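Data first, discussion second: the structure below is written as structure tokens.
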Amino acid sequence: MTCCIGIFFNNKYISIMKKIGIMMLLCMLAIGVKAQEERCPLHFEGSFYMGVSSKDLTFMGENIDFGYSPINRLSIHALAHSEFFIPKIGAIIDSNIAVNLGGGIGYQLLNNKNWRMGTLELRGTLTTSLGSSSSTYKNTSYGVGLYFYKHSNAQRFQPVIGIGFNVRNFHGNVPNFYGPYVSLGIRF
């Protein structure tokens, strides 16, 4: 476990994560001010996810999602993933890491007005890796998932649970990856 945590503090990625963290803090402040209104079209989500092993490779990581809802059921997402890949042998080195940026679109299948339990949203995403094109784990990721969260005027933080299917097209010698994933996070 300490090896997994140590990956996120690698010098190569500290500056990228600092920039993402500063952007996240500024957006959270803006969302906090906007959230005083009755209906806030902006949201922020932070989550951790893990995929099922496929072709001797397992992936896990963290996700930062900035969303905007221009109309009642539609949402547009800007995503940042920091993820690492665990080969069957279990070796975790710097080259197992990928930082992806991208976007997505979501549609609320069931919302809080029609279904009192919360909101069930279908999302489609597309991300691609940053960094050197010679990286073994440079990839383009396509995902579809169902996310459940509860809207509440009394709570600013709501838990988010997601399940979905992810396709990763690697640019190096790693075979393409297909598999389901589970995501747990917090929505603000």
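Odds and ends about this structure:
- Rolled with a 1.4 Å probe across the full set of protein chains, the surface gives Phe44 an accessible area near 20 Å².
- When all alpha carbon pairs of segment 48-107 are counted in 5 Å bins from zero, the resulting P(r) reads 4, 17, 20, 19, 14, 11, 8, 5, 2, 0 %.
- Largest to smallest accessible area among Phe85, Phe48 [probe 1.4 Å]: Phe48, Phe85
The values are calculated or read from the model by the stated rules, or taken from the named source; none is laboratory data. Everything quoted here is computed from the prediction, not taken from an experiment. SASA here: full protein model, heavy atoms, side chains in, ligands and nucleic acids out. Shrake-Rupley method; radii C 1.70, N 1.55, O 1.52, S 1.80 Å.
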